[in-house]
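Single-structure report; data block below.
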């Protein structure tokens, strides 16, 4: 857990539209063929586990598959069907004890804008923390670097772009505090 707390917001490089084989060759020359092969296998494993988790009808299996990916999940957590937890950086996401994510929730830990926007927007990865006993409604999106405080409620369809204090209800796009509990 200590290593997770040390995770900080980090810049990411932009990816180009060069052909896949040329990108693999360039990366292999820089990092070595073994590391590129290992990285590809890990990404494929994460992708398959996330896809299986999204369609799995059993909550325990969804949680197990997400834990295999590296998501930190507490006890007595519910992850609804069709939830997507960040594809490339699952180990940057933490879900506290007793929390519940309804169906079709997106929890992100990275932001990679289009190359066209490279001058005006930053590409980054940042830890996303969902506290204890948090309820995230259907169709909500939690953006990277957000901390949702313990006992909070995120309304259905909300887009959380800023930290949420403890014991509050947020709703809207972007999410605003509508009530303190």
Check on residue 78, under 14 Å from the mean Cα position of the chain (by Cα) and surrounded by fewer than 18 Cβ atoms within 10 Å (Cβ to Cβ): no
Those residues of the range 83-104 which are surrounded by 16 or more Cβ atoms within 10 Å (Cβ to Cβ) and over 12 Å from the mean Cα position of the chain (by Cα), in sequence order: 96, 98, 99, 100, 101, 102, 104
Count of residues meeting criterion [under 20 Å from residue 110 (Cβ atoms) and in contact (Cβ under 8 Å) with a residue 24 or more places away in the chain] in the range 71-80: 3
From the options 67, 60, residue that is farther than 18 Å from residue 138 by Cβ, part of a helix (DSSP H, G or I) and either under 14 Å from the mean Cα position of the chain (by Cα) or at pLDDT 95 or above (or both): 67
In the range 158-181, the residues that are surrounded by fewer than 21 Cβ atoms within 10 Å (Cβ to Cβ), part of a loop (DSSP other than H, G, I, E, B) and in contact with a strand residue (DSSP E or B) (Cβ under 8 Å, 6 or more places away or on another chain): 163, 165, 167, 172, 173, 174, 181
Sole exception among (1) within 19 Å of residue 128 (Cα to Cα); (2) at pLDDT 90 or above for residue 86, by number: (2)
Number of the condition not met by residue 107 [criteria: (1) buried (at least 19 other Cβ atoms within 10 Å of the Cβ); (2) touching a helix residue (DSSP H, G or I) at 6+ places or on another chain (Cβ under 6 Å)]: (2)
Qualifying residue in the range 127-148 (condition: outside any loop (DSSP other than H, G, I, E, B) and more than 24 Å from residue 173 (Cα to Cα)): no
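The values are calculated or read from the model by the stated rules, or taken from the named source; none is laboratory data. Small disclaimer: the values here were computed from a predicted structure and weren't measured. We place every Cβ from the backbone using ideal geometry, glycine too, and count neighbours over all the protein chains shown.
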